[in-house]
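Visitor: Quick one: structure below, then a few questions.
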Amino acid sequence: MHDIRLIRAEPAAFAAGLARRGLDPALAEEIRAADAAWREATAAREAAQAELNRLNREIGIARKAQDAAREAALRAEVATVQARMRGLDPDELRARLDELLAALPNLLDPDVPDGRDETGNVELHRSGEPRVIPGAKQHDELGEALGLMDFETAARLSGSRFVVLKGALARLERALGQWMLDLHTRQNGYTEVSPPYLVHAATVYGTGQLPKFEADLFKAGEKYLIPTAEVPLTNLVAQQIIPEPVTPLRFAALTPCFRSEAGAAGRDTRGMLRQHQFMKVELVSITRPEDSAAEHERMTRCAEEVLTALGLTWRRILLCAGDTGFASAKTYDLEVWLPGQGAWREISSCSNCRDFQARRMNARFKRGKESVFVHTLNGSGVAVGRALIAVMETYQNPDGSITVPEVLRPWMGGMERIGPP
């Protein structure tokens with residue numbers, strides 16, 4: 001959500017910000033007009049109410065003086081003012097203004113590069129060089145050959161974009177998630193949280209998935225399945241005024257995520273790359289405004305630490321204007337190299353949302369006598385399913401077996417290699 005006072009004060013700057021997002025700058029004027037109509041109706045209603053209060057006082061005086069004619073004339077004036085008030089509906093106008101504001105994405109940081117799509121993204125750093133493995137197989141070929149990855153049974157149970165993992169691969173997925181969560185909570189200062197997987201509409205609205213992206217969500221009755229743990233973790237401070245944090249509040253959770261992938265028809269249909277249900281370790285930080293830029297860098301390094309410890313080849317990407325998500329002001333993507341595909345694939349996305357989500361959630365902290373909107377950040381630390389894919393393709397052997405990365409072996413009961421059952 002945007003600060004309407006800034007839009008009033010700097011309409012040209014706001015219009016320029018919308019243009020960077022590929023939106024019509026005229027939306028800024030539409031919002032200013034809606035705001036002006038709401039303020040005008042509010043002022044008119046307040047003036048009418050003040051007039052009613054005056055007339056009612058005079059009616060009391062006329063009644064006390066037993067001046068029936070005067071009282072009748074005043075009551076006629078009251079009826080006229082009440083009729084005028086019925087034509088004023090500032091609440092409806094405010095709802096229209098909020099609807100316009102809620103549909104607009106966050107404005108971008110100045111250092112976000114221009115660009116219409118992913119071709120405008122900028123590589124900032126690379127760890128390692130892409131490996132070429134002669135005869136490399138993709139993860140689904142490896143998993144099915146081992147008899148430990150079953151898409152056919154999953155389709156019979158649930159439809160497309162699901163998978164059944166068995167045996168050592170199921171254990172490897174669990175090991176990845178548990179190891180990542182332990183890394184972030186024991187070494188990186190995050191507090192572990194086990195949040196609900198079903199949330200109210202207001203909760204999903206707070207982080208920006210509603211109303212614009214409702215088609216991408218799964219709904220159960222009146223509640224929504226979380227598309228990411230960012231939703232409940234960020235909303236831990238919703239509708240609150242917390243004490244000013246000396247250091248950022250940092251939360252981490254390992255949860256399933258549920259996404260309908262409504263806008264992804266025909267994309268990444270093979271294997272586990274884009275599923276309706278997947279596991280992810282999510283990182284969320286709540287900070288003071290002056291701390292969020294540094295926290296964004298720190299959070300991204302925490303996610304990079306996972307990839308380095310797993311011995312994967314990865315790179316950091318700064319997303320351009322056209323590829324930055326709705327609620328984000330600035331986003332780094334981490335991409336991992338998949339030898340089986342011979343391609344880079346996103347495995348983590350770390351975003352600074354500034355005060356955009358906080359305004360939607362009404363999340364503040366107390367600074368002296370005033371309350372200030374917090375800044376919120378979120379990042380994958382990292383997506384467990386994609387980490388599983390990367391490990392399988394990076395550590396595959398000519399005989400079809402998979403070497404278990406050394407860092408995961410304590411979580412695998414000492415297992416060093418995954419072969420046929």
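Visitor: For region 4-102, what is the charge dipole size about the Cα centre, in debye to the nearest 20, if Lys and Arg each add +1 at the Cβ and Asp and Glu each add -1 at the Cβ?
Guide: Roughly 340 debye for region 4-102.
Visitor: Let me ask you something else. How far is helix 384-394 tilted off the main Cα axis of the chain, in degrees rounded to 10, range 0 to 90?
Guide: With both axes taken from Cα atoms, the answer is about 30 degrees.
Visitor: When the label point is put 7 Å from the Cα of residue 117 along its Cα-to-beta-carbon vector, which residues of region 323-346 have a backbone N closer than 13 Å?
Guide: Those under the cut-off are 323.
Visitor: Oh, and also: Output the 0 to 90 degree angle, nearest 10, between the alpha-carbon long axis of helix 68-86 and the longest principal axis computed from the alpha carbons of the chain.
Guide: So the inclination is approximately 20 degrees.
Visitor: With +1 assigned to the C-beta of every Lys and Arg and -1 to the C-beta of every Asp and Glu, and no other charges, what is the dipole magnitude of the chain about the Cα centre in debye, to the nearest 20?
Guide: 1020
Visitor: If one takes the longest principal axis of the Cα atoms in the chain, at what angle in degrees, from 0 to 90 and to the nearest 10, does the Cα axis of helix 11-20 lie?
Guide: Approximately 30 degrees, to the nearest ten.
Visitor: Now for a separate question. Name the residue farthest towards the positive end of the dipole of the chain from the options 241, 148, 133, assuming +1 on Cβ of Lys and Arg, -1 on Cβ of Asp and Glu, about the Cα centre.
Guide: 241
Visitor: What lysines sit close enough to residue 212 to cross-link, taking a C-alpha to C-alpha distance under 21 Å and skipping anything fewer than 8 places away on the same chain?
Guide: 223, 330
Visitor: Starting from the Cα of residue 401, step 7 Å along the direction of its Cβ; do the same at residue 16; then give the gap between the two resulting points in nm.
Guide: The modelled label-to-label distance comes out at 6.2 nm.
Visitor: In whole Hz, with x marking every Gly and Pro, tabulate ³J(HN,Hα) for region 301-307 from phi via Karplus 6.51 cos²θ - 1.76 cosθ + 1.60, θ = phi - 60°.
Guide: Taking θ as phi minus 60°, the curve returns 5, 4, 5, 5, 4, 4, 5 Hz for region 301-307.
Visitor: Still on this structure, I have one more. Sequence neighbours fewer than 8 away in the same chain don't count; with that in mind, list the lysines whose C-alpha is under 26 Å from residue 137.
Guide: 166, 280
Visitor: Apply 1/(1 + (r/R0)^6) to the Cβ-Cβ distance of residue 201 and residue 277, taking R0 = 30 Å, and write down the FRET efficiency to the nearest 0.05.
Guide: Here the calculated transfer efficiency is 0.90.
Visitor: Here's something else I'd like to know. Can you compute 3J(HN,Hα) from phi for each residue in region 284-297, using the Karplus curve 6.51 cos²θ - 1.76 cosθ + 1.60 with θ = phi - 60°, rounded to whole Hz and x for Gly and Pro?
Guide: Values, residue by residue: 9, 10, 10, 9, 6, x, 6, 9, 5, 5, 5, 5, 4, 5 Hz.
Visitor: Right, here's the next one. What list of ³J(HN,Hα) couplings, whole Hz, do you get for region 333-346 from phi and the Karplus terms 6.51, -1.76, 1.60, once you set θ to phi - 60° and write x for glycine and proline?
Guide: Rounded to whole hertz, the list is 9, 9, 10, 10, 8, 10, x, x, 8, x, 8, 7, 9, 4.
Visitor: Would you mind computing, in nm to one decimal, how far apart the modelled labels at residue 194 and residue 30 are, each placed 7 Å from Cα along Cα→Cβ?
Guide: So the label points at residue 194 and residue 30 sit 4.6 nm apart.
Visitor: May I ask you to compute the full-extension gain from residue 127 to residue 409, defined as 0.36 nm times their residue separation minus their alpha-carbon distance, rounded to one decimal in nm?
Guide: Extra length from residue 127 to residue 409 when fully extended: 99.2 nm.
Visitor: Label points 7 Å out from Cα along the Cβ direction at residue 144 and residue 46: separation in nm?
Guide: A separation of 6.8 nm, rounded to one decimal place.
Visitor: A further question follows. Within region 169-272, list the GluC sites (Glu not before Pro) lying in a DSSP loop whose Cβ has at most 13 other Cβ atoms in a 10 Å radius.
Guide: 222
No lab work stands behind these numbers, since they all come straight from the coordinates. Not measured: the values here are computed from a predicted model. All Cβ positions, glycine included, derive from the backbone under ideal geometry; neighbour counts span all protein chains shown.
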